[in-house]
Amino acid sequence: MSIDDYLDLLNYATAINDEQWQADLLDRLKNYSKLAEEQRNTDSVRELWSRFDQINYRLLQLFDKLRDHEAGGESEQWKEQIWELKMERITIAKQIQDRYIKIR
(Lines give C-alpha, C1' and ligand atoms only; values in the text may rest on other atoms or scores of the structure.)
Protein backbone atom coordinates (compact mmCIF):
# COMPACT_ATOMS: atom_id res chain seq x y z
CA MET A 1 0.00 0.00 0.00
CA SER A 2 1.09 3.52 -0.61
CA ILE A 3 1.56 6.11 2.09
CA ASP A 4 -1.58 7.88 0.86
CA ASP A 5 -3.58 4.70 1.45
CA TYR A 6 -2.32 4.49 5.02
CA LEU A 7 -3.18 8.15 5.62
CA ASP A 8 -6.69 7.64 4.24
CA LEU A 9 -7.16 4.66 6.54
CA LEU A 10 -5.82 6.67 9.47
CA ASN A 11 -8.35 9.43 8.76
CA TYR A 12 -11.12 6.85 8.63
CA ALA A 13 -9.94 5.19 11.85
CA THR A 14 -9.92 8.61 13.52
CA ALA A 15 -13.41 9.36 12.23
CA ILE A 16 -14.80 6.15 13.73
CA ASN A 17 -12.74 6.52 16.95
CA ASP A 18 -10.95 3.19 16.57
CA GLU A 19 -7.88 3.89 18.70
CA GLN A 20 -6.39 0.41 18.30
CA TRP A 21 -6.49 0.69 14.52
CA GLN A 22 -5.07 4.23 14.68
CA ALA A 23 -2.12 3.01 16.77
CA ASP A 24 -1.50 0.15 14.36
CA LEU A 25 -1.60 2.48 11.35
CA LEU A 26 0.73 4.97 13.05
CA ASP A 27 3.23 2.17 13.73
CA ARG A 28 3.08 1.14 10.10
CA LEU A 29 3.59 4.72 8.97
CA LYS A 30 6.62 5.07 11.26
CA ASN A 31 8.16 1.97 9.68
CA TYR A 32 7.00 2.80 6.15
CA SER A 33 10.33 4.08 4.88
CA LYS A 34 12.11 0.95 6.11
CA LEU A 35 9.50 -1.31 4.51
CA ALA A 36 9.65 0.67 1.27
CA GLU A 37 13.45 0.35 1.17
CA GLU A 38 13.23 -3.41 1.73
CA GLN A 39 10.68 -3.67 -1.08
CA ARG A 40 12.94 -1.70 -3.44
CA ASN A 41 15.84 -4.02 -2.59
CA THR A 42 13.66 -7.06 -3.23
CA ASP A 43 12.49 -5.66 -6.57
CA SER A 44 16.04 -4.80 -7.52
CA VAL A 45 17.19 -8.35 -6.78
CA ARG A 46 14.35 -9.74 -8.89
CA GLU A 47 15.38 -7.52 -11.80
CA LEU A 48 19.00 -8.65 -11.44
CA TRP A 49 17.97 -12.31 -11.40
CA SER A 50 15.82 -11.73 -14.47
CA ARG A 51 18.77 -10.20 -16.33
CA PHE A 52 21.01 -13.04 -15.13
CA ASP A 53 18.53 -15.56 -16.58
CA GLN A 54 18.35 -13.63 -19.88
CA ILE A 55 22.12 -13.70 -20.17
CA ASN A 56 22.23 -17.44 -19.52
CA TYR A 57 19.58 -18.04 -22.17
CA ARG A 58 21.51 -15.94 -24.69
CA LEU A 59 24.73 -17.76 -23.85
CA LEU A 60 23.04 -21.09 -24.52
CA GLN A 61 21.89 -19.81 -27.90
CA LEU A 62 25.38 -18.65 -28.81
CA PHE A 63 26.99 -21.91 -27.69
CA ASP A 64 24.49 -23.81 -29.83
CA LYS A 65 25.41 -21.63 -32.82
CA LEU A 66 29.10 -22.26 -32.22
CA ARG A 67 28.58 -25.99 -31.95
CA ASP A 68 26.47 -26.15 -35.11
CA HIS A 69 28.63 -23.78 -37.21
CA GLU A 70 32.19 -24.11 -35.89
CA ALA A 71 33.81 -23.37 -39.22
CA GLY A 72 31.60 -20.38 -39.99
CA GLY A 73 32.98 -16.88 -40.35
CA GLU A 74 30.70 -15.55 -37.61
CA SER A 75 32.21 -17.75 -34.89
CA GLU A 76 34.66 -15.04 -33.79
CA GLN A 77 31.81 -12.57 -33.42
CA TRP A 78 29.86 -15.11 -31.34
CA LYS A 79 32.88 -15.79 -29.17
CA GLU A 80 33.23 -12.06 -28.53
CA GLN A 81 29.55 -11.83 -27.58
CA ILE A 82 29.97 -14.81 -25.26
CA TRP A 83 32.92 -13.14 -23.56
CA GLU A 84 30.98 -9.89 -23.07
CA LEU A 85 27.96 -11.73 -21.70
CA LYS A 86 30.12 -13.71 -19.28
CA MET A 87 31.65 -10.49 -17.98
CA GLU A 88 28.21 -8.92 -17.56
CA ARG A 89 26.99 -12.05 -15.77
CA ILE A 90 29.90 -11.82 -13.31
CA THR A 91 29.04 -8.18 -12.60
CA ILE A 92 25.38 -9.01 -12.04
CA ALA A 93 26.26 -11.97 -9.81
CA LYS A 94 28.35 -9.65 -7.62
CA GLN A 95 25.46 -7.17 -7.42
CA ILE A 96 23.07 -9.96 -6.44
CA GLN A 97 25.46 -11.12 -3.75
CA ASP A 98 25.80 -7.57 -2.39
CA ARG A 99 22.01 -7.18 -2.23
CA TYR A 100 21.58 -10.45 -0.33
CA ILE A 101 24.22 -9.47 2.18
CA LYS A 102 22.46 -6.11 2.77
CA ILE A 103 19.02 -7.71 3.07
CA ARG A 104 20.10 -10.12 5.80
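The values are calculated or read from the model by the stated rules, or taken from the named source; none is laboratory data. What you see is a predicted model; the values in this text were computed from it and never measured. Ideal geometry is used to build each Cβ from the backbone, glycine not excepted, and the neighbour counts take in all protein chains shown.
Applying the set (1) closer than 30 Å to MET1 by Cβ; (2) surrounded by 12 or more Cβ atoms within 10 Å (Cβ to Cβ) to ASP27 leaves exactly one unmet item: (2).
Annotation: of all residues in region 47-104 being among the hydroxyl-bearing types (Ser, Thr, Tyr) and closer than 30 Å to LEU35 by Cα, the one that is farthest from the chain's Cα centre (by Cα) is THR91.
For GLU37, are the conditions met, namely being of a type in the set (Asp, Glu), within 30 Å of ASP5 (Cα to Cα) and under 24 Å from the mean Cα position of the chain (by Cα)? So GLU37 passes the test.
Here are some residues: ALA13, ALA71. Which one is of a type outside the set (Lys, Arg) and in the same structural domain as GLN97 (by TED's automatic domain parsing)?
Values: ALA13 fails: in the same structural domain as GLN97 (by TED's automatic domain parsing).
Matching residue, one of ALA13, ALA71: ALA71.
Remark: ARG67 falls outside the filter, which requires a residue to be surrounded by 13 or more Cβ atoms within 10 Å (Cβ to Cβ) and on the phi < 0 side of the Ramachandran plot. Beta carbons closer than 8 Å, at least 6 apart along the sequence or on distinct chains, pair a first residue in region 35-59 that is of a type in the set (Asp, Glu) with a second that is part of a helix (DSSP H, G or I) for GLU38/ILE103.
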